[in-house]
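The structure appears below as structure tokens.
The values are calculated or read from the model by the stated rules, or taken from the named source; none is laboratory data. Here the structure is a predicted model, which means the values were calculated and not measured. Cβ: placed from backbone, ideal geometry, glycine included. Neighbour counts: every protein chain shown.
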Amino acid sequence: MDVPSVVRERLDGESVHTRVPLGGDDAVFVTPTRTLVYRAEGLLSDESVAAYPHGVERLDLSTGRRKATFELTYVDTSGQFKVPADRVDDVLEPVLEGVLAAAGVCEDGERVRELYRFSELTLAITDGRLVKHIGGPVWDPDHETFPFADVTGLDAEEGSVATQLVVELDGRPNRVKVPSEKAELVRRALEEAVLDYHGVDSLAELGEKQGVTDDGEEADTETFEGSGIAPLVGDDADDPDDDAVDRLESTDAQGDQPTTEPSTPDSGADDDDDDEVLARLDALEAAVDRQNDLIQKQQETIETLVEELRRGR
């Protein structure tokens, strides 16, 4: 790698893992802790190097027709540099790698495989996790991470305007809304990264490795339906499940009837009752979790409708 002498003098023993040419002899050199912007000597300026540490509070990016501006905000100062607009992605990925590592979001040496910017949503797919940020800046402390170690499944829920990628962490769904025209591209990249991380060839194989089976999913569904709690939202929201209500009322009525069975000292009876109570509590907890997921989905649908109305769709 061609590294100018003035840049080598500023490395302080670090190695350069990425060099991005900017045109002419200008270039960006990214080390594990800093980004060094090199400007070659010209008719109006001398040779120079500017260093930007990766321990930032906020990273912003604004792109114009010809130039893109990186602005790095620190606790008590800020700095910025410009690159040609056609080099912005080449520079952003290694810079964001350093920023995420410095913030403790990613491990040292963890690379950004793919980076997507959709208006106020930035998604970074690394070797070990999905990083989701909602907001104007490319990155600040307001973000979510989805470690691949906890992923048990991936799915997509298609919509006309936006598609929700469903990332299951230990069996619990987490939804990431992306533009529908880019959803398949993001889904494929995310799936490939997850499979590579776990060393498997398919999502089915991942499910087997993580202990998630079709039988387990069916058991969850039966537990929900058998709990006597009707869904709060969905296709049947306006038509309550009368059978479920009848089952619940029947259970309550049976519970109110006095027993005519003579009681006998049986040490195992109390244990059986405790097990039944715990089983019912588990069923109710699973039902509540599913209802919360449905509520979240309904809320996101409402937000999409509001966004379309504001745009006059």
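Looking only at the range 117-139, count every residue that is closer than 14 Å to Pro179 by Cβ and either modelled with pLDDT of 95 or more or buried (at least 21 other Cβ atoms within 10 Å of the Cβ) (or both) and tell me the total. Qualifying residue count, the range 117-139: 2.
Glu107: in a helix (DSSP H, G or I) and either more than 19 Å from Val167 (Cβ to Cβ) or aromatic (Phe, Trp, Tyr) (or both), yes or no?
Considered against the rule, which asks whether it is in a helix (DSSP H, G or I) and either more than 19 Å from Val167 (Cβ to Cβ) or aromatic (Phe, Trp, Tyr) (or both), Glu107 comes out as no.
Selection over the range 197-209 of residues that are farther than 12 Å from Ile125 by Cα and touching a residue at least 12 places away in the same chain (Cβ under 8 Å) gives a count of 4.
Only a single item in (1) more than 13 Å from the chain's Cα centre (by Cα); (2) farther than 17 Å from Cys106 by Cβ is not met by Asp127, and it is number (2). Screening Val83, Val151, Val91 for residues that are closer than 16 Å to Val194 by Cβ, buried (at least 19 other Cβ atoms within 10 Å of the Cβ) and among the aliphatic types (A, V, I, L, M) leaves exactly one candidate, Val151.
More than 13 Å from the chain's Cα centre (by Cα), surrounded by fewer than 20 Cβ atoms within 10 Å (Cβ to Cβ) and within 18 Å of Tyr197 (Cα to Cα): is that true of Thr73 in this structure?
Working: more than 13 Å from the chain's Cα centre (by Cα): yes; surrounded by fewer than 20 Cβ atoms within 10 Å (Cβ to Cβ): yes; within 18 Å of Tyr197 (Cα to Cα): no.
In short, no.
Sort through Val176, Val166 and tell me the only one that's at pLDDT 90 or above and buried (at least 19 other Cβ atoms within 10 Å of the Cβ). From the options Val176, Val166, the qualifying one is Val176.
For the range 65-92, enumerate the residues that are in contact (Cβ under 8 Å) with a residue 60 or more places away in the chain and either in a helix (DSSP H, G or I) or hydrophobic (A, V, I, L, M, F, W, C) (or both).
Residues of the range 65-92 in contact (Cβ under 8 Å) with a residue 60 or more places away in the chain: 83-84, 87, 90-91.
Residues satisfying the conditions are Val83, Arg87, Asp90, Val91.
Here Asp60 passes the criteria (1) in a strand (DSSP E or B); (2) under 28 Å from the mean Cα position of the chain (by Cα); (3) surrounded by fewer than 17 Cβ atoms within 10 Å (Cβ to Cβ) except the one numbered (3).
When the range 29-54 is limited to residues that are within 24 Å of Asp108 (Cβ to Cβ) and not in a strand (DSSP E or B), the one that is farthest from the chain's Cα centre (by Cα) turns out to be Thr31.
Filter the range 1-28 down to residues that are in contact with a Lys or Arg (Cβ under 7 Å, 6 or more places away or on another chain) and assigned to a strand (DSSP E or B) and give me whichever is surrounded by the fewest Cβ atoms within 10 Å (Cβ to Cβ). Selected residue: Asp26. A search for C-beta distances below 7 Å between a residue of the range 172-191 that is touching a residue at least 60 places away in the same chain (Cβ under 8 Å) and any residue that is in a strand (DSSP E or B) and among the polar types (S, T, N, Q), counting only pairs 6+ apart in sequence or on different chains, returns Arg175/Gln164; Lys177/Gln164; Val178/Thr163. Within the range 19-32, the set of residues being at pLDDT 95 or above and farther than 19 Å from Arg66 by Cβ comprises Arg19, Phe29, Val30, Thr31.
Just checking, does the range 10-21 include any residue being out of contact with any helix residue (DSSP H, G or I) (no Cβ under 6 Å at 6 or more places or on another chain), among the polar types (S, T, N, Q) and more than 28 Å from Gly136 (Cα to Cα)?
Of the range 10-21, the ones out of contact with any helix residue (DSSP H, G or I) (no Cβ under 6 Å at 6 or more places or on another chain) are 10-17, 19, 21.
So of that shortlist, the ones also among the polar types (S, T, N, Q) come out as 15.
Still in the running and more than 28 Å from Gly136 (Cα to Cα): 15.
Yes, the conditions are met somewhere in the range 10-21.
It is to be established whether one or more residues within the range 105-118 are under 18 Å from Tyr74 (Cβ atoms), touching a residue at least 12 places away in the same chain (Cβ under 8 Å), aromatic (Phe, Trp, Tyr) and in contact with a helix residue (DSSP H, G or I) (Cβ under 8 Å, 6 or more places away or on another chain). No, the conditions are met nowhere in the range 105-118. Give me the residue from the range 119-141 that is in contact with a Ser or Thr (Cβ under 7 Å, 6 or more places away or on another chain) and free of Cβ contacts under 8 Å to residues at least 60 places away in the same chain and, out of that set, farthest from His17 (Cα to Cα). It comes out as His133.
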